[in-house]
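In what follows, a single structure is set out as structure tokens and then discussed.
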Amino acid sequence: MASDAFQVTDFEVDGHVARIRMNRPEAMNSFNPDLRWELSQRFDEVERNDDIWMAVVTGAGNRAFSAGADLKHRARERDATSEQREEWARKHTETRPLTERWHFPKPVIARVNGFALGGGMELALACDIIVAADHAELGLPEPRRGLIAGGVGVHRLPRQLPLKTAMGYLLTGRHMTAHRALELGLVNQVVPLDELDAAVDEWIADIMRCAPLAVRATKEATMRGLDMPLPQSYYTDYEWERRRRTSADAIEGPRAFAEKRSPNWKGL
């Protein structure tokens with residue numbers, strides 16, 4: 001896909017880490033068809049590129065990670081031209097959001113730099129680690145708009161919080177502060193905004209100390225295993241664990257430990 005096709009996201013890869021930034025700060029990085037499609041394309045690249053070992057997703061500016069669906073855009077859809085409708089329909093067909101990639105193989109960190117509401121919170125819930133600025137707020141306010149958190153929020157939140165706690169937020173549309181989300185175990189770390197990048201970089205560095213195939217195997221076994229009884233999850237044969245067992249990195253790790261040096265991971 002040509003780079004000029006992307007207008008509302010930024011994407012860069014540095015040291016095996018892909019950084020994705022939603023870039024609609026004037027709309028609080030809310031999701032319109034263009035942003036949904038571009039995010040899908042970006043995660044396609046993360047998934048298929050073997051040189052990318054993990055990803056970070058964030059929003060532009062300091063106000064919002066993402067405020068969710070662009071309701072103003074929805075209100076304007078009735079006045080769209082037939083060409084615009086066709087383009088949006090094409091992009092919808094080509095869009096596969098992270099929220100519906102049930103077993104995304106690589107770690108994803110959400111850098112929550114402000115409001116994460118509705119679809120924005122659902123995107124964060126689909127990530128493996130959430131690092132939030134202390135002014136951030138999270139919530140699923142859809143019922144206050146006559147909607148539901150249909151981007152898997154109504155299903156993920158009760159799986160990531162105690163049921164009564166989750167229902168308290170789902171049925172009221174209330175926001176939670178970043179610190180409250182940390183207390184509930186929904187967020188991994190909360191820091192002042194000016195320390196957010198450093199905190200994210202610490203998580204990246206710790207993950208990058210691990211063998212990438214071991215990280216993928218760990219994520220796959222953990223997430224797939226959650227859907228199974230404990231004995232079945234233990235005895236199941238996992239694709240990425242098979243790859244890890246026969247990889248060069250599986251030899252390199254013990255060798256580096258014995259030789260008292262840092263391992264040189266290849267992802268092979």
FRET efficiency, K164 to W102 (Cβ-Cβ, R0 41 Å, nearest 0.05): 0.95
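Once the piece of chain linking R243 and N62 is laid out straight, how much longer is it, given 0.36 nm per residue of separation minus the C-alpha distance between them? Display every interim value, and only then the final one.
On the way: separation 181, 0.36 × 181 = 65.16 nm, distance 4.05 nm.
Taking R243 through N62 to full extension adds about 61.1 nm, to one decimal.
As a test of reading the structure, rank I129, I20 by solvent-accessible area (1.4 Å probe, protein chains only), most first.
So, going from the largest accessible area down, we get I129, I20.
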In nm, spacing of pseudo-spin labels at H179 and R145 (7 Å Cα→C-beta vector): 2.9
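Given the stretch 1-113, report the % of alpha carbon pairs whose separation exceeds 23 Å. Show your work: numbers first, answer last.
Details: 1833 of 6328 pairs.
Tail fraction, whole percent: 29.
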Label-point separation (nm) for T236 and F6, each offset 7 Å from Cα along Cα-to-Cβ? 3.2
Using just the alpha carbons, could you tell me how many Å³ per residue the convex hull of the stretch 87-159 encloses? 121
Hey, can you rank 197-208, 82-93 by average C-beta count inside 10 Å, highest first? 197-208, 82-93
Extension gain (nm, one decimal) between L226 and D201, 0.36 nm per residue minus Cα-Cα: 6.2 nm
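Can you tell me the accessible area per residue over the stretch 11-170, all protein chains present, probe 1.4 angstrom, in square angstrom?
Values: 7330 Å² over 160 residues.
Solvent-accessible surface per residue comes out at 46 Å².
Excluding same-chain pairs closer than 8 in sequence, count the lysine pairs in the chain whose Cα atoms lie under 27 Å apart. Display every interim value, and only then the final one.
On the way: K72/K91; K91/K106; K106/K219; K106/K266; K219/K266.
Counting lysine pairs in the chain gives 5.
Shape verdict for the stretch 111-268, please, from the Cα gyration tensor: rounded (a/c under 1.5), prolate (a/b greater than b/c) or oblate. Mind showing how you got there, number by number?
Values: a/c = 3.13, a/b = 1.64, b/c = 1.92.
Verdict is oblate for the stretch 111-268.
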How many angstrom separate the Cα center of the stretch 1-74 from the Cα center of the stretch 92-126? 10
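Just to make sure I understand: if all protein chains stay in place, what is the order of C210, C127 by accessible area at 1.4 Å, largest first?
From most accessible down to least: C210, C127.
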Per DSSP helix of 4 or more residues, -39500 (n - 2.57); summed, then divided by the residues of the chain. What does that give at 222 nm, rounded to the nearest 500? -12500 deg cm²/dmol
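So for M228, M167, M54, what's the accessible-area order with a 1.4 Å probe, most first? Present the calculation step by step, with values, prior to reporting the outcome.
Numbers: M228 50, M167 70, M54 0 Å².
I get M167, M228, M54, largest accessible area first.
Within the stretch 20-176, what whole-number % of the accessible surface is contributed by carbon and sulfur, with the 1.4 Å probe and all protein chains included in the calculation? Mind showing how you got there, number by number?
On the way: 3540 of 7180 Å².
Taking all protein chains in place, the stretch 20-176 shows 49 percent carbon and sulfur surface.
Using r as the Cβ-Cβ distance of I251 and D51, and R0 as 25 Å, what FRET efficiency do you calculate, to the nearest 0.05?
Details: r = 21 Å, r/R0 = 0.84.
Efficiency, from the Cβ-Cβ distance: 0.75.
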When ligands, DNA and RNA are left out and all protein chains stay put, how many square angstrom of accessible area per residue does the stretch 190-263 have with a 1.4 Å probe? 66
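At 0.36 nm per residue, minus the direct Cα-Cα distance, what do D44 and T95 gain on full extension? Give it in nm, one decimal, please. Before the final figure, lay out each step's value.
Values: separation 51, 0.36 × 51 = 18.36 nm, distance 0.98 nm.
Taking 0.36 nm per residue and subtracting the Cα distance, the gain is 17.4 nm.
The values are calculated or read from the model by the stated rules, or taken from the named source; none is laboratory data. Note that this is a predicted model, so its numbers are computed, not measured. Glycine gets a Cβ as well: all are built from the backbone with ideal geometry, and neighbour counts include every protein chain shown. Heavy atoms of the whole protein, side chains included, go into the accessibility calculation; ligands, DNA and RNA do not. Shrake-Rupley method; radii C 1.70, N 1.55, O 1.52, S 1.80 Å.
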